[in-house]
Amino acid sequence: MVRTGSIFSQLLRFISQTEFNRIVKEHQAEKAAKGFRSWTQLVAMLFCQLSGAESLREIITGLQTCLGKLKHLGVSISPARSTLAYANSHRPEAVFKDLLWTTISRLRSCGELGPGRHKFRFKNKLMSLDSTTISLCLNLFPWAKFRQRKGAVKAHVLLNHDDYLPSYVHVTDGKKADVKVAHMLNLPAGSIVAMDRAYNDFGLFQKWHEAGVFFVTRMKENTLFTISERHEPPEKGFILLDARIELTGSAAAEVTCPLRLVTVWDVENNRFIDLLTNHTGLAATTISAIYKERWQIELFFKALKQNLKIKTFVGTSENALLIQIWTALLAMVLLRWCQHQSKSGWCFSLTATMLRLNLFVYRSLRDWLDDPLQWNTDPPDFTQLSLPIPGIGQPIVAQGGTSP
């Protein structure tokens, strides 16, 4: 006898309906709604992400074919295409954005997303900052003009290296400069931010230093400076220079914080990398390893684009696009949870693929994560219950008399 809901329904239990209903009420998302609930919209968009559906037709048809199993998802009937399209265009995307951060915060507080610490010995919180461009067809998305014949939006992400999930996401038009978004961040004191040279802004560096934030970035080639103090690099390794520097030229007036230059030889790409930081207490090899760890945000973007639906969209309005991005990130949180809890050792892409093939399988999610390839060889229990039927093994007693 099946004693569990589908794997999809068990995943949805990690999204609190109480929290979701509170968020819906705060944003008045269901004001004047006639029957179509925001929860049904959320289930449909998560199904789009986890199943790999390419269009509204595939979402609706996919849910309709599983009609007998929708009650386990909290959905009574599959919505119509026009109903879902209208909801994606008009219901506020902030509902799904707030749900994403509420879910991440709750799972992080319970230690469900990872070990809660990075591989370095220092206790500072390590984060990476970068952006990824999502190309769009300008004819279908005229509001997202990027170039003369090309549309695009940017997703600016601050990645937490404790669990490799975002702590901040901001979606802008494709023309928005990365460094302008960096000025909007309010980072905790003592944290270390690794980033590429697109974020070189000495005014930003001075602002972060005054707030107690450390940075590790790649220095631009045209930066003017003088070396004020040299430190002996380690004998073994690829550190070529470890020195205190002072800026010259117009940038010198913007920065009063100590600046440190660490030059590393990149063996794989056969080049020098000049790293700039305001942290003077860490070893040069650690500074180099921190910048190398920045590659995790590139892997995050790669996993997001290859396994979830943020390159093709089921709606053309800005609101619909944002809803699809927030639900993609929410689906990624659920997939990261599965990968962290699983004992199979599968990579993220394989976990996403196997989950897509087993969304409506009726099996315990914990058992599936522990041993996805387990085959139940136990025969079903066909124990016959004994029923006292008169005339079969029992004497028949006539009413008001005795048996013959």
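Just tell me the longest site-free run in the chain, where the sites are chymotrypsin sites (Phe, Trp or Tyr not before Pro) in a DSSP loop having at most 13 other beta-carbon atoms within 10 Å. Between exposed loop sites, the widest span is 1-374. Residues Asp196, Asp370 in ascending order of nearby Cβ atoms (within 10 Å, fewest first): Asp370, Asp196.
Overall, the range 199-293 carries a charge dipole of about 60 debye about its Cα centre when +1 sits on the Cβ of Lys and Arg and -1 on the Cβ of Asp and Glu, all other atoms neutral. Relative to the dominant Cα principal axis of the chain, helix 38-51 is inclined by about 70°. Arranged from fewest to most other beta-carbon atoms within 10 Å of their beta carbon, Leu275, Leu355, Leu107 become Leu107, Leu275, Leu355.
Close amide H partners of Leu165, meaning residues 5 or more places away or on another chain with modelled amide H under 5 Å apart, are Asn160. Give the shape of the chain as rounded, prolate or oblate, defined through the alpha-carbon gyration tensor: a ≥ b ≥ c are the square roots of its eigenvalues, a/c under 1.5 means rounded, and otherwise the shape is prolate if a/b is larger than b/c and oblate if not. Taking the square roots of the gyration eigenvalues as a ≥ b ≥ c, the chain is prolate. Taking the longest Cα principal axis of the chain as reference, the axis of helix 348-357 is set at about 20 degrees.
When shorter helices are ignored and each DSSP H run of at least 4 residues is given -39500 (n - 2.57), the per-residue value for the chain at 222 nm works out to -10500 deg cm²/dmol. Charged side chains reduced to their Cβ positions (Lys and Arg at +1, Asp and Glu at -1) give the range 262-326 a dipole of some 260 debye around its Cα centre.
Electrostatic tally near Arg260: other residues with Cβ closer than 12 Å to its Cβ, Lys and Arg +1, Asp and Glu -1, net -2.
Only Cα pairs under 8 Å and 6+ residues apart enter the sum, and on that basis the relative contact order of the range 199-293 stands at 29 percent.
Dipole size of the chain about its Cα centre, with +1 on Lys/Arg Cβ and -1 on Asp/Glu Cβ: approximately 1000 debye, rounded to the nearest 20. Tell me the relative contact order for the range 270-372 as a rounded percent, counting alpha carbon contacts under 8 Å between residues six or more apart. The value is 20 percent.
The Kirkwood hydrodynamic radius of the range 199-293, based on inverse pair distances between different Cα atoms, is 13.7 Å. In this structure, Glu268 and Asp371 have a Cβ-Cβ separation that, at R0 = 35 Å, corresponds to a calculated FRET efficiency of about 0.40. Helix 318-341 axis versus longest C-alpha principal axis of the chain: approximately 80°, rounded to the nearest ten.
Calculate, for Ile227 and Lys305, the FRET efficiency according to 1/(1 + (r/R0)^6) with r their C-beta to C-beta distance and R0 35 Å; round to the nearest 0.05.
Working: r = 41 Å, r/R0 = 1.18.
Computed FRET efficiency for Ile227 and Lys305: 0.25.
In percent, rounded to a whole number, the relative contact order of the chain is 18, using alpha-carbon pairs under 8 Å and six or more apart.
The ranking of Cys66, Cys257, Cys110, Cys347 by Cβ neighbour count inside 10 Å, starting from the fewest, reads Cys110, Cys347, Cys257, Cys66.
Using 12 Å as the cut-off for backbone N distance, which residues of the range 181-222 belong to the label zone defined by a point 7 Å from the Cα of Ala251 along Cα→Cβ? Answer for the range 181-222: 197-206, 217-222.
The trypsin sites (Lys or Arg not before Pro) found in the range 140-202 that occupy coil by DSSP, while having at most 14 further C-beta atoms within 10 Å, are Arg149, Lys175. Of all DSSP bridge pairs formed entirely within the chain, close to 85 percent run antiparallel.
Just add up the charged neighbours of Gly345: K/R +1, D/E -1, any other residue whose Cβ is under 14 Å from the Cβ of Gly345.
Numbers: positive: Lys343; negative: Asp370, Asp371.
Charge balance in the 14 Å sphere: -1.
What is the extension gain from Gln28 to Val179, computed as 0.36 nm multiplied by their sequence separation minus the C-alpha to C-alpha distance, in nm to one decimal?
51.0 nm
We did not get these values from a lab; they are worked out from the coordinates using the rules stated. Just so you know, these numbers come straight off a predicted model, no measurement behind them. Cβ coordinates were reconstructed from backbone atoms using ideal geometry, including for glycine residues, and neighbour counts include every protein chain displayed.
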